[in-house]
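A.B. asks: Handing you a structure now.
The values are calculated or read from the model by the stated rules, or taken from the named source; none is laboratory data. What you see is a predicted model, and the numbers here were worked out from it, not measured in a lab. For neighbour counting, all protein chains shown are included, and Cβ atoms are generated from backbone atoms with ideal geometry for every residue, glycine included. For the accessible areas, the whole protein counts, side chains as well, though only heavy atoms, and no ligand, DNA or RNA atoms are used. Shrake-Rupley method; radii C 1.70, N 1.55, O 1.52, S 1.80 Å.
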Amino acid sequence: MTDFSVEVYQNEYLASGSTEVNAIVTVTATGEGTGPATASGSAAEVIIVDCSGSMHVPRTKLASAKQATAAAIDTLRDGVEFAVVAGTDESRLAYPYQHGMVVASPQTRAEAKEAVRQLAANGGTAIGRWLKLAESLFATSSASMRHAILLTDGQNMHETPRQLANTLREVQGKFVCDCRGVGTDWEVKELRTIADALLGTVDIVAEPEGLEADFRAMAASAMDKAVADVALRLWTPMGATVKFVKQVEPTLVDLTARRAEVPPRSGDYPTGSWGAETRDYHVCVQVPAAATGEKMLAGRVSLVVPGVGGAEEQVLGKGRILAVWTEDTALSTKINREVAHYTGQAELAAVIQEGLEARKSGDVETATAKLGRAVQLATETGHTDTAKLLAKVVDVEDARTGTVRLKRKVATVDEMTLDTRSSKTMRVRKKQSTES
């Protein structure tokens, strides 16, 4: 059984006339076995392998992708339904040989690995078509846990951005998808958009030889999930509006536009599938101003899963977001450390991405300013891994003040690694919480 806890971290005190309430909601899942949403323990996995012509350059790329896919197949536990998709400018089911999914067993794993061994590279890239095939495969399964791995080495050249966006809207909520780009010819922004829409992760695998360990880890993580389709529900009082709801750890994902209304005055924000793990969410609510000394419930957070087989939904945990108006500036001006930490993390990701974009467009002044601010933030927050990545793109003259110079020559892989990992965050150590 998986147990959930919800904690709220905030400074509940507002200055007279203030209307914005911020809180960090920490959700922790503990325990082993299946949770209330997955009593059957069912899971389904689709592995999508780019088989476009560019996967032959170098030849080790496709060979490593095959080896990595075989490793992921071996990681699937008996009883898990799975399929393998070969992606080009079309989308082809590589295994099984008829539309649908098969149950993992020694025999089906061996058959799948043989089918993967036969994959060849040719054609173009149309990622939306790959995702549509994955969706249709998941539709044949009754599994609660639906996870896909998507590997590509190139840009989505055989679809327009609008076509891909339409596809993402169609498949959103149907499965979780972790995306990996191998080499340096793919677009970070493109894969990040896909991963964010499908509540997955995105990362770069610079060298093909790194694929096997990464695929094995992703498949193992998927097998560890115990509760599917979990939603963060936010209730707000009359007159209040939700400014945003964002996942801020382990990665930054803006969930605001994903709200599904739950009358009266509540909305559900999808969080995907859970194993034993902790995630943090930043909630910002605009409330009507109140008189000094007044106290109100600015929001109520709960974690819910849909009912299975006609059963009622289940509430896994609850927390409260409060607002108290005061004239004591020592109270109202104190910035909650958790809120401050993740606000800084969000700014760090934004200035890195904006700085790299400016660098690409030749805007040296903006790029220098943004990446300098990134160096300063990374130094202040102790984000040493990000600081090391930034040092490959800029020459740091003074990290404390963010004084930098753009490097004349930057390896593409270093730039893409910085961009890809900019949305990964570092957890703040918690001290105190507002209990539910």
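A.B. asks: Given H placed 1.01 Å from N in the peptide plane, which residues other than close sequence neighbours of A94 have an amide H under 5 Å from its amide H?
C.D. replies: Residues meeting the criterion, in which the H sits 1.01 Å from N, are V84, V85, A86.
A.B. asks: On to the next question. When ligands, DNA and RNA are left out and all protein chains stay put, how many square angstrom of accessible area per residue does region 253-396 have with a 1.4 Å probe?
C.D. replies: Using a 1.4 Å probe on heavy atoms only, each residue of region 253-396 averages 47 Å².
A.B. asks: Let me ask you something else. First check a/c for region 302-407, with a ≥ b ≥ c the square roots of the eigenvalues of its C-alpha gyration tensor; if it is under 1.5, answer rounded, and if not, answer prolate when a/b is larger than b/c or oblate otherwise.
C.D. replies: Oblate.
A.B. asks: Follow-up. By the scheme Lys and Arg +1, Asp and Glu -1, what is the net charge of all other residues having a beta-carbon under 10 Å from that of T292?
C.D. replies: Taking every Cβ under 10 Å from that of T292, the sum is -3.
A.B. asks: Quick one: angle between helix 211-224 and the longest Cα principal axis of the chain, in degrees between 0 and 90, rounded to 10, please.
C.D. replies: Orientation of helix 211-224: about 60 degrees from the principal axis.
A.B. asks: Collect residues whose amide H, placed 1.01 Å from N in the peptide plane, falls under 5 Å from the amide H of N11; neighbours closer than 5 in sequence don't count.
C.D. replies: Answer set, sorted by chain and number: N336.
A.B. asks: With N set to the residue count of region 110-249, report its C-alpha Rg divided by 2.2 N^0.38 Å to two decimal places.
C.D. replies: Expressed relative to 2.2 N^0.38 Å, the Cα Rg reads 1.19.
A.B. asks: Next question, about the same structure. Give me a comma-separated list of calculated 3J(HN,Hα) values for region 324-331, in order, Karplus coefficients 6.51, -1.76, 1.60 applied at θ = phi - 60°, integers in Hz, x for any Gly or Pro.
C.D. replies: 10, 8, 9, 9, 7, 5, 4, 7
A.B. asks: Counting heavy atoms of the protein chains only and a 1.4 Å probe, report the per residue accessible area for region 161-223 as a whole number of Å².
C.D. replies: Averaged over the residues of region 161-223, the accessible area is 41 Å².
A.B. asks: Another question, if that's okay. I'd like the carbon and sulfur percentage of the solvent accessible area for the chain, probe radius 1.4 Å, heavy atoms only, ligands and nucleic acids excluded.
C.D. replies: Solvent-exposed carbon and sulfur of the chain make up 50 percent of the total.
A.B. asks: Taking +1 at the Cβ of each Lys and Arg and -1 at the Cβ of each Asp and Glu, which of M218, F244, G275 sits farthest along the dipole of region 217-276 towards its positive end, judged by Cα position relative to the Cα centre?
C.D. replies: Most positive-ward Cα: F244.
A.B. asks: With angles folded into 0 to 90 degrees, how steeply does helix 161-171 sit against the dominant principal axis of the chain? Use alpha carbons for both and round to 10.
C.D. replies: Roughly 80 degrees between the two axes.
A.B. asks: Next question, about the same structure. Rg and Dmax in Å for region 70-139, alpha carbons only: what are they?
C.D. replies: 12.1, 34
A.B. asks: Then there is this: If we restrict to alpha carbons, what Rg and Dmax does region 111-187 come to, in Å?
C.D. replies: My reading of the Cα-based Rg and Dmax gives 13.6, 37 Å.
A.B. asks: May I pose another question? From the alpha carbon gyration tensor of region 235-288, can you work out the equivalent ellipsoid semi-axes (sqrt of 5 times each eigenvalue) and give them in Å, largest to smallest?
C.D. replies: Equivalent ellipsoid of region 235-288: 22, 13, 9 Å, largest first.
A.B. asks: Pull up all non-local amide H partners of T251: gap of 5 or more, or a different chain, and H-to-H distance under 5 Å with H placed in the peptide plane.
C.D. replies: T425
A.B. asks: When the helix-only estimate is applied to the chain (DSSP H runs of n ≥ 4, each -39,500 (n - 2.57), divided by the residue count), what is the mean residue ellipticity at 222 nm, nearest 500 deg cm²/dmol?
C.D. replies: Roughly -10000 deg cm²/dmol at 222 nm, from the helical runs in the chain.
A.B. asks: Another question about this same structure. Go through region 239-254 residue by residue and turn each phi into a ³J(HN,Hα) via Karplus (6.51, -1.76, 1.60, θ = phi - 60°); whole Hz please, and just put x for glycine and proline.
C.D. replies: x, 8, 10, 8, 6, 6, 9, 10, 6, 10, 7, x, 9, 8, 9, 7
A.B. asks: Would you work out if region 301-356 is rounded, prolate or oblate? Take a ≥ b ≥ c from the square roots of the eigenvalues of the alpha-carbon gyration tensor; rounded if a/c is under 1.5, else prolate when a/b is larger than b/c, oblate otherwise.
C.D. replies: Verdict is oblate for region 301-356.
A.B. asks: I need the shape label for region 174-225. Rule: rounded when a/c is under 1.5, else prolate if a/b > b/c, else oblate, with a, b, c from the alpha carbon gyration tensor.
C.D. replies: Because a/c hits 1.5 or more and a/b fails to exceed b/c, region 174-225 counts as oblate.
A.B. asks: Now, a different point. If I stretch the segment between E277 and A213 completely, what's the gain in nm (0.36 nm per residue apart, minus their alpha carbon distance), one decimal?
C.D. replies: 21.0 nm
A.B. asks: Using the charge dipole of region 263-378 (Lys, Arg: +1 at Cβ; Asp, Glu: -1 at Cβ; taken about the Cα centre), state which of L331, V304, Q353 has its Cα farthest towards the positive end.
C.D. replies: Farthest along the dipole direction, towards plus: L331.
A.B. asks: Quick one, what does Rg over Rh come out to for region 201-263 if you take C-alpha atoms and the Kirkwood Rh?
C.D. replies: My calculation puts Rg/Rh at 1.14.
A.B. asks: Find out how many positive minus negative residues lie around R146, taking Lys and Arg as positive, Asp and Glu as negative, among other residues whose Cβ is under 13 Å from that of R146.
C.D. replies: Net of charged neighbours comes to -3.
A.B. asks: Calculate the translational D of region 1-159 in whole µm² s⁻¹ from Stokes-Einstein, where the hydrodynamic radius comes from the Kirkwood formula applied to all Cα pairs, the temperature is 20 °C and the viscosity 1.002 mPa s.
C.D. replies: D, rounded to a whole number, is 119 µm²/s.
A.B. asks: Moving on. Go through K388/K409; K61/K225; K225/K370; K295/K370; K295/K424; K225/K360 and tell me which ones have a Cα-Cα distance over 28 Å in this structure.
C.D. replies: Over 28 Å apart, Cα to Cα: K61/K225; K225/K370; K295/K370; K295/K424; K225/K360.
A.B. asks: Could you pull the Cα extents of region 190-332 along its three principal axes, largest to smallest, in whole Å?
C.D. replies: Over region 190-332, Cα extents along the principal axes are 62, 43, 26 Å.
A.B. asks: Follow-up question, since we're still on this one. In whole Hz, what ³J(HN,Hα) sequence does region 88-98 give by Karplus (6.51, -1.76, 1.60; θ = phi - 60°), x for Gly and Pro?
C.D. replies: Running phi through 6.51 cos²θ - 1.76 cosθ + 1.60 with θ = phi - 60° gives 9, 6, 10, 10, 10, 7, 7, 7, x, 8, 10 Hz.
A.B. asks: For every other residue with a beta carbon closer than 13 angstrom to the beta carbon of R129, add +1 if it is Lys or Arg and -1 if Asp or Glu, then tell me the sum.
C.D. replies: -4
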